1. If you go through the range 195-204 one residue at a time, do you hit one that is closer than 27 Å to Ile83 by Cβ, surrounded by 23 or more Cβ atoms within 10 Å (Cβ to Cβ) and more than 23 Å from the chain's Cα centre (by Cα)?
2. Look through the range 213-249, keep the residues that are part of a loop (DSSP other than H, G, I, E, B) and without any contact (Cβ under 8 Å) to a residue 40 or more places away in the chain, and return whichever of them is surrounded by the most Cβ atoms within 10 Å (Cβ to Cβ).
3. State whether one or more residues within the range 312-323 are more than 27 Å from Ile129 (Cβ to Cβ) and part of a strand (DSSP E or B).
4. Can you pull out the residues in the range 183-209 that are modelled with pLDDT of 90 or more, out of contact with any Asp or Glu (no Cβ under 7 Å at 6 or more places or on another chain) and of a type in the set (Val, Ile, Thr)?
5. Within the range 170-223, how many residues are among the polar types (S, T, N, Q) and under 15 Å from Gly241 (Cβ atoms)?
6. From the list Cys302, Cys323, pick out the single residue that is touching a Cys at 6+ places or on another chain (Cβ under 9 Å), at pLDDT 90 or above and under 21 Å from Glu144 (Cα atoms).
7. Across the range 294-309, what is the number of residues that are under 19 Å from His183 (Cα atoms) and surrounded by 11 or more Cβ atoms within 10 Å (Cβ to Cβ)?
8. Of everything in the range 167-180, what is in contact (Cβ under 8 Å) with a residue 40 or more places away in the chain, more than 16 Å from Ala95 (Cβ to Cβ) and buried (at least 22 other Cβ atoms within 10 Å of the Cβ)? Give them in sequence order.
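The values are calculated or read from the model by the stated rules, or taken from the named source; none is laboratory data. The model shown is predicted, which means the values in this text are computed figures rather than measured ones. Here the Cβ positions follow ideal geometry from the backbone for every residue, glycine too, while neighbour counts run over all protein chains shown.
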Amino acid sequence: MAPPRRTDPNYMDVDSDSDISMLGGDEVRARGKGKGKATDKRKKDKGKGKAKDQAYTWEASYTRSWDMVQEDETAAAIRRTIIRHLVLLLDLSAAMMDRDMRPTRFDLSLQYAREFVVEWFDQNPLGQIGVVGMRSGIGERIGEMSGNPQDVLKSLSDRTKLEPAGEPSLQNAIEMARSSMGHLPTHSSREILIIFGSLTTCDPGNIHDTLDACVKNRIRISVVALAAEMKICRDMCDKTGGQFGVAMNEGHFKDLLFELVPPPAQRTVARAGGGGGANPAADLMMMGFPTRLPDSSPPSLCVCHSDMKSEGFLCPRCMAKVCDVPTDCDICGLMIPYQAV
């Protein structure tokens, strides 16, 4: 007589325990395999979702700086100049041989000036720097305006040619710097940075006339003094919108110098209707890359000075010849940048 069939749904009619263990092992393995597939699928789905939100790991720390708008105390947007032109005025007078800053004011100024040039070009790749020295009552052109940092560093590397002597002349040096920026286009900034270690200046005329000319030409003057504050230096910075500081020690000297590395802020212009401040129009700028003429080319007239010269640059639009770049073409008004073809 056959045993009655049990009503328990988990009951299995088998002949031996080995069958139970074998069946149970297969079932466990099957369940484990299915669970592993489900886990892998969830991980893949989770990875796809993360890939959609963040394509690369470096994007987690990446900041869209152009979306971050800085505002001044009046809640108006601050715009910074992109194309900058800076003339570095170095005091090469006898006062720079003082040892209140180690090893001397002169050696420390050259070291910090070279570091400043490297950092300045790193943050202002479209800018240019020229170097002018002040000694023996005159201004000396040490380095031409250049957009190549190696050219500027080379002009600051030869210490024997920069040996301090005599008295400085602020007026002569500023006039030389101002004349070198006369051909620059209107869209670029014009800046003069003075490293001044003397307490006197030997000028041939009224330096306030030179200051008024700088204000008219929109030249911003900043001064880092190594000795003490001079009223004329403070007036130059205040009237032209520059920065003034007196270095108390070597570290403070470097801090004051490197504060001038970022582009200066352009303040907003008040609207005619009294509706607050408004930045100038940010239209696209049309420019053309000039063709450099070699020294062996036939002499021809330049449109800027009407002089017969072999070297120069040709405007790509009207083929007019200009002596220096960057500038605006005197014939067609096209902006001509420094890079030549």
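1. yes
2. Initially, the range 213-249 is screened for residues part of a loop (DSSP other than H, G, I, E, B), giving 217-218, 226-230, 241-243, 247-249.
Filter again for without any contact (Cβ under 8 Å) to a residue 40 or more places away in the chain, leaving 217-218, 228-230, 241, 243, 248.
Numbers: Asn217: 13, Arg218: 12, Ala228: 8, Glu229: 12, Met230: 19, Gly241: 17, Gln243: 16, Met248: 11.
My answer is Met230.
3. no
4. Here is the first cut: in the range 183-209, the residues modelled with pLDDT of 90 or more are 190-209.
From what is left, the residues that are out of contact with any Asp or Glu (no Cβ under 7 Å at 6 or more places or on another chain) are 190-194, 199, 201, 203-209.
Ile192, Ile194, Thr201, Ile207 - these are the residues of the range 183-209 that are modelled with pLDDT of 90 or more, out of contact with any Asp or Glu (no Cβ under 7 Å at 6 or more places or on another chain) and of a type in the set (Val, Ile, Thr).
5. 3
6. Unique residue meeting the criteria: Cys302.
7. Step one: of the range 294-309, the residues under 19 Å from His183 (Cα atoms) are 301-309.
Now drop any that are not surrounded by 11 or more Cβ atoms within 10 Å (Cβ to Cβ), which leaves 301-305, 307, 309.
Looking only at that region, the number is 7.
8. Within the range 167-180, the subset in contact (Cβ under 8 Å) with a residue 40 or more places away in the chain is 167-168, 170, 173-174, 176-178, 180.
With more than 16 Å from Ala95 (Cβ to Cβ) added as a condition, the list becomes 174, 176-178, 180.
Of everything in the range 167-180, those that are in contact (Cβ under 8 Å) with a residue 40 or more places away in the chain, more than 16 Å from Ala95 (Cβ to Cβ) and buried (at least 22 other Cβ atoms within 10 Å of the Cβ) turn out to be Ile174, Ala177.
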